[in-house]
Amino acid sequence: MSQRTFRFKLRSSHCPPERGTRDLVVEFLSDSGLWEPQQLSFTMPGFRIYLISLLLCQHVYLVANAHEKGIALQEVQADFNVTTSSEWIIEHVQGDFRIRIERNTNASNEVMAYMQERMKLCPISKNLPESVGKTITVTPLASGTRTSAHA
């Protein structure tokens, strides 16, 4: 086996007035092909905890920057895939974040690009080696416009 792929899904809701994160769920695609909710524990494999922390760091930066730009988030959905070598060295990170926003929110391409650019500042992502391919996309579900950036 030359590569391993780790797949995660994330869902969160963001209710008015403060739009803080609520009902955050992270799921992992197990070897059995079933999506399993993830609850951090001492028995969870450390590498999976590391990958979940990478996903959650991206989510925190997305939510914080949406708030900074006045984007009224309702929901975040994400698919997050990490590919490693057979020796567990991360080779590629791909995150597809979809956001549901209030209809009267300014979700221009420029604002989406700004938020993606800021997601690159997530400390865990920044600490990955330059050789790691990192692609993060943010799609506003309300408008269907898609932009992408490399994190």
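The values are calculated or read from the model by the stated rules, or taken from the named source; none is laboratory data. Treat the numbers as computed from the prediction; the structure is a model and nothing was measured. Cβ atoms come from the backbone with ideal geometry, glycine included; neighbour counts cover every protein chain shown. Calculation scope for accessible area: heavy atoms of the full protein, side chains included, ligands and nucleic acids excluded. Shrake-Rupley method; radii C 1.70, N 1.55, O 1.52, S 1.80 Å.
Miscellaneous remarks
- Point-charge dipole on Cβ atoms (K/R +1, D/E -1) for the chain, about Cα centre, debye to 20: 200 debye
- When the chain is treated as a GNM with alpha-carbon contacts under 10 Å, the residue of 79, 96, 31 showing the greatest mean-square fluctuation is 31.
- Applying a 4.7 Å cutoff between beta carbons, the unpaired cysteines of the chain are 15.
- For the stretch 1-134, averaging the sequence separation of C-alpha pairs within contact (under 8 Å, six or more residues apart) and dividing by the residue count gives a relative contact order of 28 percent.
- In sequence order, the stretch 87-92 has phi-based couplings of 8, 6, 8, 5, 10, 8 Hz under the Karplus curve 6.51 cos²θ - 1.76 cosθ + 1.60, θ = phi - 60°, and Gly or Pro positions carry x.
- Volume in Å³ per residue [convex hull over Cα atoms, computed for the stretch 61-110]: 89 Å³
- Over the chain, volume per residue of the alpha carbon convex hull, in Å³: 118 Å³
- Long-range amide H partners of residue 139 with built H, under 5 Å: 97, 98, 99
- Rg(Cα)/(2.2 N^0.38 Å) for the stretch 1-87, N = residue count: 1.22
- Filtered trypsin sites (Lys or Arg not before Pro), the stretch 71-146: DSSP coil and at most 12 other beta carbons within 10 Å: 103
- Accessible area per residue in Å² at 1.4 Å probe, computed on the stretch 76-119: 48 Å²
- 3J(HN,Hα) along the stretch 69-78, derived from phi through the Karplus expression 6.51 cos²θ - 1.76 cosθ + 1.60 where θ = phi - 60°, amounts to 8, x, 7, 7, 5, 10, 7, 10, 10, 8 Hz, with x in place of Gly and Pro.
- Highest-MSF residue in the chain out of 33, 133, 70 [GNM, Cα springs under 10 Å]: 33
- Seen against the Cα atoms of the chain and their longest principal axis, helix 46-68 is set at about 10 degrees.
- Qualifying chymotrypsin sites (Phe, Trp or Tyr not before Pro) for the stretch 1-90 [loop in DSSP, other Cβ within 10 Å: at most 16]: 42, 88
- In the chain, helical runs assigned H by DSSP with n ≥ 4 each contribute -39500 (n - 2.57); averaged across all residues and rounded to the nearest 500, the mean residue ellipticity at 222 nm is -8000 deg cm²/dmol.
- Backbone amide hydrogens, once placed in the peptide plane, bring residue 44 within less than 5 Å of nothing, excluding anything fewer than 5 places away on its chain.
- Computed over protein heavy atoms with a 1.4 Å probe, the carbon and sulfur contribution to the accessible area of the chain reaches 52%.
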